[in-house]
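Peer 1: My questions all concern the structure below.
The values are calculated or read from the model by the stated rules, or taken from the named source; none is laboratory data. These numbers were taken from a predicted model, which means no experiment stands behind them. Glycine gets a Cβ as well: all are built from the backbone with ideal geometry, and neighbour counts include every protein chain shown.
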């Protein structure tokens with residue numbers, strides 16, 4: 001019962017925050033609503049016992065990426081952009097997307113949970129969440145982990161190169 | 001009164017969030033908000049991965065979610081760097097005014 005309550009609370013945060021993110025005129029307001037949405041996602045992680053991802057979501061997304069966004073919003077002068085038209089003329093494409101996902105959600109509400117069948121899981125011995133992630137990440141997925149660090153290095157160098165002033 | 005929350009509920013929430021992000025990318029003109037919409041899309045994918053990770057009691061889904069977050073960080077950093085360079089050169093942040101490569 002409490003699970004249900006928390007799920008719908010977080011779902012409201014996620015979807016309401018998301019809708020307000022893409023409809024606000026001011027980019028700073030959008031960023032604030034995106035934070036609300038990301039906190040809802042973090043709550044959903046906690047609800048599913050993914051504690052490590054919860055911490056990563058808070059520290060990295062809300063503490064890292066959102067601060068980066070707000071810095072850039074301050075660096076780039078958005079006052080001019082706020083006075084202009086906010087939406088382009090691709091609403092028909094967006095409407096098609098809404099129709100597709102709307103049909104899926106309608107099917108779910110109409111048929112109920114039983115319409116979606118997944119193969120049953122095999123029961124596994126429970127362990128602490130962070131320990132399990134570390135075990136798998138540093139043994140089975142060690143190479144992708146190192147590749148991800150190279151990707152981050154490339155991103156650091158690339159973004160500095162993009163953002164720095166050219167001295168001629 | 002309420003059904004118990006199942007994996008399908010999470011999948012539907014994820015689909016709705018993905019939809020919101022897609023609509024944002026398709027219809028907004030401001031590049032900063034387009035990048036925020038991409039973050040929403042990646043978060044929808046993560047909800048999906050964690051839901052299945054919980055359902056199958058398999059931690060690999062969460063590992064992939066960590067990789068998705070890594071890629072999202074790299075994407076946001078490079079995208080915002082490009083945005084700063086763009087604003088310095090063209091004095092605009094509207095996506096459809098950047099049409100140098102348009103045929």
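Peer 1: All but one of (1) in the same structural domain as residue A:31 (by TED's automatic domain parsing); (2) touching a helix residue (DSSP H, G or I) at 6+ places or on another chain (Cβ under 7 Å); (3) under 26 Å from residue B:14 (Cα atoms) hold for residue A:73, so report the exception by its number.
Peer 2: Every listed condition holds for residue A:73 apart from (3).
Peer 1: Please list, ordered by first then second residue, the pairs with beta carbon atoms under 9 Å, 6 or more apart or interchain, first in region A:143-166 and more than 7 Å from chain B (Cβ to nearest Cβ) and over 24 Å from residue A:72 (Cβ atoms), second outside any helix (DSSP H, G or I) and modelled with pLDDT under 95.
Peer 2: A:145/A:138
Peer 1: Oh, and also: All but one of (1) within 19 Å of residue B:29 (Cα to Cα); (2) within 7 Å of chain B (Cβ to nearest Cβ); (3) over 13 Å from the mean Cα position of the chain (by Cα) hold for residue A:21; which doesn't?
Peer 2: Going through the list (1) within 19 Å of residue B:29 (Cα to Cα); (2) within 7 Å of chain B (Cβ to nearest Cβ); (3) over 13 Å from the mean Cα position of the chain (by Cα), residue A:21 breaks only (3).
Peer 1: Any idea which residue in region A:48-77 is surrounded by the fewest Cβ atoms within 10 Å (Cβ to Cβ), counting only those that are facing chain B (nearest Cβ under 8 Å) and in contact (Cβ under 8 Å) with a residue 24 or more places away in the chain?
Peer 2: A:49
Peer 1: Here is a follow-up. Would region A:86-94 turn up any residue that is touching a residue at least 24 places away in the same chain (Cβ under 8 Å) and under 30 Å from residue B:86 (Cα atoms)? Can you show your working first?
Peer 2: Looking only at region A:86-94, we keep the residues that are touching a residue at least 24 places away in the same chain (Cβ under 8 Å), and these are A:86.
Still in the running and under 30 Å from residue B:86 (Cα atoms): A:86.
Taking every residue of region A:86-94 in turn, at least one turns out to be touching a residue at least 24 places away in the same chain (Cβ under 8 Å) and under 30 Å from residue B:86 (Cα atoms).
Peer 1: Next up: Can you name the number of the only condition in (1) on the phi > 0 side of the Ramachandran plot; (2) at pLDDT 85 or above that residue B:91 fails?
Peer 2: Among (1) on the phi > 0 side of the Ramachandran plot; (2) at pLDDT 85 or above, the lone unmet condition for residue B:91 is (2).
Peer 1: From A:131, A:80, which residue is facing chain B (nearest Cβ under 9 Å), free of Cβ contacts under 8 Å to residues at least 12 places away in the same chain and farther than 22 Å from residue B:76 by Cα?
Peer 2: Result of the check over A:131, A:80: A:80.
Peer 1: Let me ask something else about it. Restricting to region A:139-154, name every residue that is outside any helix (DSSP H, G or I) and farther than 13 Å from residue B:64 by Cα. So that I can check it myself, show each step before the final result.
Peer 2: Restricting attention to region A:139-154, the residues satisfying the condition of being outside any helix (DSSP H, G or I) are A:139-141.
A:139, the sole residue that qualifies.
Peer 1: Residue B:61 passes all but one of (1) assigned to a helix (DSSP H, G or I); (2) more than 27 Å from residue A:132 (Cβ to Cβ); which number fails?
Peer 2: Failed condition: (2).
Peer 1: Specify which of the listed residues (B:34, B:69, B:84) is at the interface with chain A (Cβ under 7 Å from one of its Cβ atoms) and more than 19 Å from residue A:47 (Cβ to Cβ).
Peer 2: Exactly one residue qualifies, and that residue is B:84.
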